[in-house]
Amino acid sequence: MADKYTDFVSRGWGRDLAKRLGLPQPVRLRRYEPGAPLVPGPVLLVGSGAGADALETAMKGWDLEILRDAPAAGTTLGGIVIALDGVSGPEDLSAPVLAAGAALRALAPSARVVTVSRRSSTADEPALAAARAGVEGTLRSLAKELRNGATGNGILLADGVEADAPSALGALRFFLSARSAFVDGQFLTVGTAKGELPDDPDKPLAGKVAVVTGAARGIGAAIARTLARDGATLVVVDVPAAGDSLAKVANEVRGTALQLDITKPDAGERILEHALSRHGGLDILVHNAGITRDKLLANMDAAKWDSVIAVNIAAQLRINDALLASGRLGEGFRIVSVASTSGIAGNRGQTNYAASKAGVMGMVRSTAARLAGSGGTANAVAPGFIETEMTARIPLAMREVGRRINSLQQGGQPVDVAEAIGFLASDAAGGISGNVLRVCGQYWMGQ
Ligand code: NAD
């Protein structure tokens, strides 16, 4: 979808005018292209200890130039990684955080800042919990200070998980890369040392069979294209009325189409049957299909409430139940559900939608625990404002506000949501489960 404002302020007199009036000046974000460097320059690694050393070794293995001291004048940095996994009290934040701060002006456009620290818990001593939680406040504020498409995100390690555990490195690579263009101010928690880094980082889903619901258009079609690009074999699902567009997407990704209303009682069985009979397995399920029927609660009728719940959450629950009860899924099954920032912050006129999307987040946390034994994971992504037909229907003034109120001052693209799903669906994310990853450019609403 066109963002005419961004086009206008990106060049010529539009750019000068925006500068003079102090208007938002969103920049074109760095997005994934095969063969392009992981980051646009050397990476400064601050912090000390075993975690920092392990991160240095791993990043050097990705052919990155790693600096451990302040960069020489004139250096343009592709990123800053701040190793804070060893902090034991709030005083410990000062040296590494200020060292990172001193280098912020050297960041290239669309550079990355990534913190690596430990998740705080009630079992921590108060000073330790304060230091660990303090990292989250620091990163979220730092992300709001970055400019030119640069982003800041963090990795939270559970106790006992090393900084170079497969999913910690997988998350680090994702956050450094162009794949995380619209993920900003967010954390991924690595709960276990499970997971495996791919042999070929450009084909992390090679050999996997993935089902994507609601794939005839919008975010779902982008997910199908992205997972196929990353090596997966695709089954694309949508309602029969969207059959023509669905067939086009299926052809494009060289997958198969399944015309199915996901609210049908036997939807789970039909999906499983199709995947097994046509492709011999089912490794990844992406619950993307969703609808909105907005009304203030005072004006809400049962049809609007019930249809949103039926498509957005009840269908996902029923399909998951059927699949998990079948005993026919492989080890390491991946579920990724599309939630929404409305389910976190709430949104006027969306009590039904927010109930369904907050429900999705509750569902993945509970499902994560059930899948743990078989090495499976369940996670959600929560998109903010994404440029699709769904958001193109929002009245212009509200749409313009919606796409500007985030740190990157623009709406995300469907591919941005798809990239986050691709990572969570990969073997590299095997230690990440029960997470909700926002893809919202650090939307001002919710945390
Ligand atoms: P969209 O309306 O463009 O596409 C949704 C697709 O789901 C359509 O192809 C539709 O036919 C399909 N679908 C609807 N009901 C179905 C059913 N019963 N069975 C099978 N398929 C069905 O929407 P989108 O913007 O691409 O959104 C995709 C997902 O992302 C949704 O879950 C939505 O809630 C979520 N989301 C979108 C945004 C955004 O800004 N666009 C923000 C947050 C969350």
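The values are calculated or read from the model by the stated rules, or taken from the named source; none is laboratory data. This is a predicted model, so every value here is computed, not measured. Here Cβ is always computed from backbone atoms with ideal geometry, including for glycine, and neighbour counts include all displayed protein chains. Accessible surface is based on the protein model in full, side chains and every heavy atom, while ligands, DNA and RNA are left aside. Shrake-Rupley method; radii C 1.70, N 1.55, O 1.52, S 1.80 Å.
Note on region 345-386 and region 237-294: Cα centroid distance 20 Å, given to the nearest whole angstrom. Each label was represented as a point 7 Å from its Cα along the Cα-to-Cβ direction; for residue 389 and residue 66 these points are 4.7 nm apart.
The C-alpha atoms of the chain define a longest principal axis, and helix 166-176 lies at about 80 degrees to it.
Where only protein heavy atoms count, and the probe is 1.4 Å, what is the accessible area per residue for region 29-190 in Å²?
Details: 6350 Å² over 162 residues.
Roughly 39 Å² per residue, with all protein chains present.
Have a look at 305, 13, 62 and tell me which one the Gaussian network model of the chain (Cα, springs below 10 Å) gives the largest fluctuation. Its mean-square fluctuation being the largest, the pick is 13. Across the accessible surface of the chain, with the other protein chains kept in place and a 1.4 Å probe, carbon and sulfur atoms take up 53 percent.
Once C-alpha pairs closer than 8 Å and six or more residues apart are averaged by separation and normalised to the residue number of region 299-422, the relative contact order reads 24 percent.
If the only charges are +1 at each Lys and Arg Cβ and -1 at each Asp and Glu Cβ, what is the size of the charge dipole of region 29-190 around the Cα centre, to the nearest 20 debye? Provide the component values of the computation, followed by the final result.
On the way: 14 positive and 17 negative charges, 143 e Å.
Charge dipole of region 29-190: 680 debye, to the nearest 20.
Among 432, 309, 284, the residue with the largest mean-square fluctuation in a Gaussian network model of the chain, with springs joining Cα atoms closer than 10 Å, is 309. For residue 436, the residues whose amide H sits under 5 Å from its own are 380, ignoring neighbours fewer than 5 places away on the same chain, with H placed 1.01 Å from N.
What shape does region 29-190 have by the C-alpha gyration tensor, where a ≥ b ≥ c are the square roots of the eigenvalues, rounded means a/c under 1.5, and otherwise prolate means a/b greater than b/c and oblate the rest? The shape class here is prolate. Normalised by the number of residues in region 29-190, the average gap of Cα pairs under 8 Å and 6 or more apart makes the relative contact order 27 percent. Against the main long axis of the alpha-carbon atoms of the chain, helix 351-371 sits at an angle near 80°. With viscosity 0.890 mPa s and temperature 25 °C, the Kirkwood radius over alpha carbon pairs of the chain converts through Stokes-Einstein to a diffusion coefficient of 110 µm²/s.
With +1 on each Lys and Arg Cβ and -1 on each Asp and Glu Cβ, how big is the dipole of region 120-160 about its Cα centre, in debye rounded to the nearest 20? Before the final figure, lay out each step's value.
Numbers: 4 positive and 5 negative charges, 62 e Å.
Here region 120-160 has a charge dipole of around 300 debye.
Axis of helix 218-229 versus longest Cα principal axis of the chain: the two differ by about 70°, to the nearest ten degrees. Taking amide H as placed 1.01 Å from N in the peptide plane, the amide H of residue 258 sits under 5 Å from that of 236, 237, 238, each at least 5 places away or on another chain.
Ellipticity at 222 nm from helices only: DSSP H runs of n ≥ 4 in the chain, each -39500 (n - 2.57), divided by the residue count, give -11500 deg cm²/dmol. A simple count of charges around residue 158, restricted to other residues whose Cβ falls under 9 Å of its Cβ and scoring Lys, Arg +1 and Asp, Glu -1, yields +1. Largest mean-square fluctuation among 245, 433, 94, in a Gaussian network model of the chain whose springs join Cα atoms under 10 Å apart, belongs to 94.
Segment residue 317..residue 10, full-extension length gain: 106.1 nm, with 0.36 nm per residue of separation and the alpha-carbon distance subtracted.
If you find the alpha carbon centre of region 144-169 and of region 306-341, how far apart are they in angstrom? One Cα centre to the other: 28 Å.
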